[in-house]
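Working notes for the structure below.
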Number of protein chains: 6
Amino acid sequence: MNQAADPGTLALLKTVSTATLTTLLYKRGFRNVFIQGARPLRTGQRLAGPAYTLRYIPSREDLDGVDAFRDPRHPQRVAVEEIPPGAVLVMDCRGDASVASAGSILATRLQVRGAAGIVTDGGLRDAAGIARLDMPAWCSGPSAPTNLIRHHALDLNNPIGCGGVPVYPGDIMVGDDDGVVCIPAHLADEVARDAVEQERFEAFVLEEVERGATIIGLYPPTAPDTRARYKAWLAQRTS
Amino acid sequence: MNQAADPGTLALLKTVSTATLTTLLYKRGFRNVFIQGARPLRTGQRLAGPAYTLRYIPSREDLDGVDAFRDPRHPQRVAVEEIPPGAVLVMDCRGDASVASAGSILATRLQVRGAAGIVTDGGLRDAAGIARLDMPAWCSGPSAPTNLIRHHALDLNNPIGCGGVPVYPGDIMVGDDDGVVCIPAHLADEVARDAVEQERFEAFVLEEVERGATIIGLYPPTAPDTRARYKAWLAQRTS
Amino acid sequence: MNQAADPGTLALLKTVSTATLTTLLYKRGFRNVFIQGARPLRTGQRLAGPAYTLRYIPSREDLDGVDAFRDPRHPQRVAVEEIPPGAVLVMDCRGDASVASAGSILATRLQVRGAAGIVTDGGLRDAAGIARLDMPAWCSGPSAPTNLIRHHALDLNNPIGCGGVPVYPGDIMVGDDDGVVCIPAHLADEVARDAVEQERFEAFVLEEVERGATIIGLYPPTAPDTRARYKAWLAQRTS
Amino acid sequence: MNQAADPGTLALLKTVSTATLTTLLYKRGFRNVFIQGARPLRTGQRLAGPAYTLRYIPSREDLDGVDAFRDPRHPQRVAVEEIPPGAVLVMDCRGDASVASAGSILATRLQVRGAAGIVTDGGLRDAAGIARLDMPAWCSGPSAPTNLIRHHALDLNNPIGCGGVPVYPGDIMVGDDDGVVCIPAHLADEVARDAVEQERFEAFVLEEVERGATIIGLYPPTAPDTRARYKAWLAQRTS
Amino acid sequence: MNQAADPGTLALLKTVSTATLTTLLYKRGFRNVFIQGARPLRTGQRLAGPAYTLRYIPSREDLDGVDAFRDPRHPQRVAVEEIPPGAVLVMDCRGDASVASAGSILATRLQVRGAAGIVTDGGLRDAAGIARLDMPAWCSGPSAPTNLIRHHALDLNNPIGCGGVPVYPGDIMVGDDDGVVCIPAHLADEVARDAVEQERFEAFVLEEVERGATIIGLYPPTAPDTRARYKAWLAQRTS
Amino acid sequence: MNQAADPGTLALLKTVSTATLTTLLYKRGFRNVFIQGARPLRTGQRLAGPAYTLRYIPSREDLDGVDAFRDPRHPQRVAVEEIPPGAVLVMDCRGDASVASAGSILATRLQVRGAAGIVTDGGLRDAAGIARLDMPAWCSGPSAPTNLIRHHALDLNNPIGCGGVPVYPGDIMVGDDDGVVCIPAHLADEVARDAVEQERFEAFVLEEVERGATIIGLYPPTAPDTRARYKAWLAQRTS
């Protein structure tokens, strides 16, 4: 992880939606930041933290028997023990959800160690157990088989692909009910600030829409008076 | 929309299941009326209304920047403002759910304007927000990225494909927890009537089955006495 | 079904997870026992019972009209009437979920007849109705269209593929929230015993992890004292 | 095989195209007769013969080791030895081309025994060797791994699915460079006759088009004089 | 078609590769211009011409029987008769190659009428016959069934998606053995010029590489002397 | 590369088929050694050499513009300049063939530098140009767009996945018309020897089959006299 993630930024990011963030990143030229296929195991949870990555390659019969886990240097187990508090374990499973990438015991250990969450483009086993944790998790779906059947844990904290998205260690992973966005590390602060402002404006828009306003001219605010009404609305809220 | 949908028909269609409707359409030779991959954002909701269509083609970088929405004639925004009350916004996203086809602000506007619901073979963003509306929505799943990244809104109320199904403007879209069926407009009335009758019979069948009756001869009613018992059951219910 | 499934074994299997079972089968060389893509219609249910199979091939227009169900020998209907109490109806739909493989009336009949559950790699129609039954069901998802549109029920209780897994009549199907595992019949007893022991050990591990223990040396128990602490924990629990 | 295929019919079918046959079957209500994904290993070959089927289910590690082929009753080997002369070996591989369904030695044996050809929705190994035979083969593509890795040969001459199409033993398989069509056995004679007539007409149409005629009114022959000119063309050819 | 395509530009585009063109368009910000999945029916052919589009939606049983072609206004047949000389028929089949989008008679008529070629993300029937024409064709592969089984020809010369790419009428389609690129109409002239220059430079690079030069500093020409050597090479060639 | 590949072994491996090799590896417990989806650009070529790997992750707009190639440390270019003579460039493109992983200029440089071949689960651009080289190449298919659009070249000579198969640097890649097999480095010598013997036996089998022998008892040689006849055949050949 190249730089410590700013705690204030992370706090802001937990209050904004992935929908808003993907739009702000699109404005900056980023089209591919949403982890495709990663769904929350439980709805209503939020995630924001720097990525700590684990890469799986396809397993091989002579290397990935059940005894593989007896090795104290097995990267999956090392990952769980060495991930920094507040970080998000992001796993590259090549989008293969036919087996698990982790289970509830490891997820519990991650929670005890203070990890912020799990993001994987593979499956999770004992998914109901993981869903009961406070620490949130996003994956392709529940999948019972042990990862050894298809995956060989290779290395930690190198850049990976996850759900079709490049994830560099330290990138900020933000999750909500829609899914997970990966914010390039150097953009996290400015995107967080803009997102808060954007969502403030959208709260105003939503109130207007609920009162019957047309979308045209309001969203985006191309009508001359929209900005003025927004300022008035803002003033009223903050007074 | 070639013809106004009959309100009585729509009321009937909200009481019957998509399972029944697909069978009745199959009897009439229609094999491909169920929107593949469209799941309800919230269970327990019902939909019945004529289709108002929006077609997306793949987006192009020079045409579909974030400023595209500033154009008051942008078809997605026009769709939301011009859809007739009671109609269903049906979107052709070529089955691509990697981005959204709409979000909660537009969905709220649709609800305020009296639309009956949303059906898309793409994603929906801020899906939790849309799920809280009274107006129901069916889609391929939550997806945060703005539609501009992949979709260019092209035109309104032309025939489209949605979830592999042909949808002509004015066709009647009916939705429940299983998904959404598209009834060719000219068949809606007769199919609605038959569906009510079919479901009445199936209520009888279900009671018989719960009491221990065999399926054979009962469903379909090939045994000589099934029709007689059904008539008696009907008489008892309506007396 | 070659042999009667042992009731004690089935009772044990209803208490253990599919995650544990896939690992124990992997230890015995079985990599492909988890029905890919079969999700529970309702969470929190458990399944254990011998497989009773139904094979579908693609339907043909002249053989699979709606009248096909009038034939009292139609294999789908025969399956529902002849499945032994306690057995699981496992259907081979070639992974095609564009139509249903059964609906709520047949599912209700299955429950009345004492079947243990439904497992299919196709869809289920009136899925909400099936989900309300006590008898659990796993499938690729809700799908309204009648099976006749794509499937021709061909034969009963022959070996099939389901979700990519070989299923021989009499194999033991075990289901939980993660999905369904197929245990080759001759291994059910020993795997059940081992699974109970393995889950007892994992209960100990989970307590240790919740108290802050490291995974390394504990899971698997390669550290010298792990086994000793486990014995003490066991003694305390059973005293 | 319920009935012997008529030699005259087979001879006619080797002269007509799968394109023509699918249209004639569509006219009779059959939409799903073309084996999806089956490509010829060598272009320029023709096939016509009754189907002799082999069904594979997913393999299981304890049943499908390399020694499985030592069993003289192994269905794949029995198929090769018992297929009637003139018949087509049609294999159901569940569309899985990650391994082979047969190789060049078995294909050579099939040719020696007088089989008409091979059709599979799986792979073929040593495909170049098979392509050099006089007996034609259609498959999803070359694939080196032995079938045992994924497939368990289960039974012979039962109805199967192949490339999404129902294939009943005795159905007539016809192949050309476009692929393979499966003609329901009872329709083979009439479809063959109609196909010859249809292709005769299309030869006329093609000549007209090459001379500059418009498609409209010619193909289909809705213009009043098209039939007349066709008759003259026919008379000239046969005189 | 908004503007006539410049004949000189088309002539240049027939001499350059789709590889070069996609790079030049990427430099201008276009990432999605290569028709995914469209393969040439015959290698060694070149294509350059403006797009004339035909859109298919899913077919419907009551609208798309075999008699549909008797209608002189059927859009597929109108397309073939009205496409301007030199234009490319580009068809939107929603990537569905299970049926054909055209056959050899229509392709012959297109050639007679002077069309430049065919591009489709669906199949082509009697593909061997089309491959023998001088007019080139790119498609997802040979597929015998008539388009009516899956496709309803809807309209002509509206923007479409083809192989995941937006295609506007008048865009310039360029094809070679790698596949087909769609150049936005307004960029065709400048991209053609740049492509010729780029390929001239690559001819120089290839000669250098064949003589043993390293790629580094040569391609791209970051080494100080690369440009000088290229100028000398150019001077020698043109002298 | 952990160990130098034995030249004698490589010479043997160029004479045997991937079909034979996958069977011999299956006998040793390896089920997943065949690079799925990698097809030869030209038939009739053979490959045998140790793997030199290049890993791509998804590209990111700010890192992978066209100027990325100006960096002399760009891993794709470094790979081409540093691959040892006789080695095979194996690329991990996550199975994404929508863009190229290399083109004809780099392939030519590879040939000049003595590389044995190219294996990729992505596309290749200017594929016709690569096919004309003496050095063979296997890929998912021709694809014109530059790799930068989807791929970021990350690192060299680390273990990767390619076509679903684990490839460790130094593993021996063997290719023929069926495709490419990856032999774990430590097994190459013994597998090569066994393959030569196996193919010698299969040459005998093929002759027997061509003369009319049954497969049963011959292949595998379970009949008592098969081994004896094989010995006689061998003696005759070598005398």
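Quick note: the coordinates plus some simple rules give every number you see, no bench work behind them. No experiment lies behind these values; they were computed from the predicted model shown. So basically every Cβ, Gly included, is an ideal-geometry build from the backbone, and we count neighbours across all protein chains shown.
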Notebook entry, point to check: What value, in deg cm²/dmol to 500, does the helix sum -39500 (n - 2.57) over DSSP H runs of n ≥ 4 give at 222 nm once divided by the residues of chain C?
Noted result: -10000 deg cm²/dmol
Check: Peptide E:161-167: average number of partner chain Cβ atoms within 10 Å per residue?
Finding: 5
Notebook entry, point to check: Do any of A:K14/E:K27; C:K27/C:K231; B:K14/D:K27; D:K14/F:K14; D:K27/D:K231 go past 28 Å between their Cα atoms, and which?
Noted result: A:K14/E:K27; B:K14/D:K27; D:K14/F:K14
Margin query: For a protection proxy built on the mean count of beta-carbon atoms within 10 angstrom, sort F:99-112, D:57-70, D:147-160 highest first, please.
Written below: F:99-112, D:147-160, D:57-70
Check: What number in nm² do you get for region C:154-239 if you take the convex hull of its Cα atoms and divide its surface by four?
Finding: 8.3 nm²
Next item on the list: Starting from the Cα of D:D62, move 7 Å in the Cα-to-Cβ direction to define the label point; list residues of region C:151-183 whose amide nitrogen is under 20 Å from there.
Entry: C:158-162, C:164-175, C:180-183
Item checked: Under 5 Å, built H, 5+ apart or other chain: amide partners of B:V165 -> B:Q36
Notebook entry, point to check: To the nearest whole number, what is the average tally of beta carbon atoms from other chains within 10 Å of the beta carbons of peptide A:21-34?
Noted result: 6
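Report the equivalent ellipsoid semi-axes for region F:32-131 in whole Å, largest first, defined as the square roots of five times the eigenvalues of the gyration tensor built from alpha carbon atoms.
21, 16, 13
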Notebook entry, point to check: Roughly how many nanometres apart are two label points built 7 Å out from the Cα toward the Cβ at B:R227 and F:E81?
Noted result: 8.7 nm
Next item on the list: Take peptide F:99-112, look around each residue's Cβ out to 10 angstrom, count Cβ atoms belonging to other protein chains, and average those counts.
Entry: 5
Check: Let a ≥ b ≥ c be the square roots of the eigenvalues of the Cα gyration tensor of region D:141-191; is it rounded (a/c under 1.5), or, if not, prolate (a/b larger than b/c) or oblate?
Finding: oblate
Check: Is the shape of region E:74-191 best called rounded, prolate or oblate, per the rule: a/c under 1.5 gives rounded, else a/b larger than b/c gives prolate, else oblate, with a ≥ b ≥ c the square roots of the Cα gyration tensor eigenvalues?
Finding: rounded
Notebook entry, point to check: Fewest first, what order do A:Y168, F:Y56 take by the number of other Cβ atoms within 10 Å?
Noted result: A:Y168, F:Y56
Checklist line | Helix B:188-210 vs. chain B, principal-axis angle (Cα, 0 to 90°, nearest 10) | finding: 50 degrees
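Mind sorting C:T22, B:T214, C:T238 by how few other Cβ atoms lie within 10 Å of their own Cβ, fewest first?
C:T238, B:T214, C:T22
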Note to self: Quick one: 3J(HN,Hα) in Hz for region C:150-158, Karplus 6.51/-1.76/1.60 with θ = phi - 60°, rounded, Gly and Pro as x.
What the structure shows: 10, 10, 10, 5, 9, 8, 10, 6, 9
Next item on the list: Kindly express, to the nearest 10 degrees and within the range 0 to 90, the angle between helix D:224-238's C-alpha long axis and the longest C-alpha principal axis of chain D.
Entry: 70 degrees
Check: If you take the beta carbon distance between C:K27 and F:R28 as r and set R0 to 25 Å, what does 1/(1 + (r/R0)^6) give as a FRET efficiency, to the nearest 0.05?
Finding: 0.80
Note to self: When a/c reaches 1.5 or more, the comparison of a/b and b/c decides; with that in mind, is region C:56-101 rounded, prolate or oblate per its Cα gyration tensor?
What the structure shows: oblate
Check: To two decimal places, what compactness ratio does the protein assembly as shown give when its Cα radius of gyration is scaled by 2.2 N^0.38 Å?
Finding: 0.92
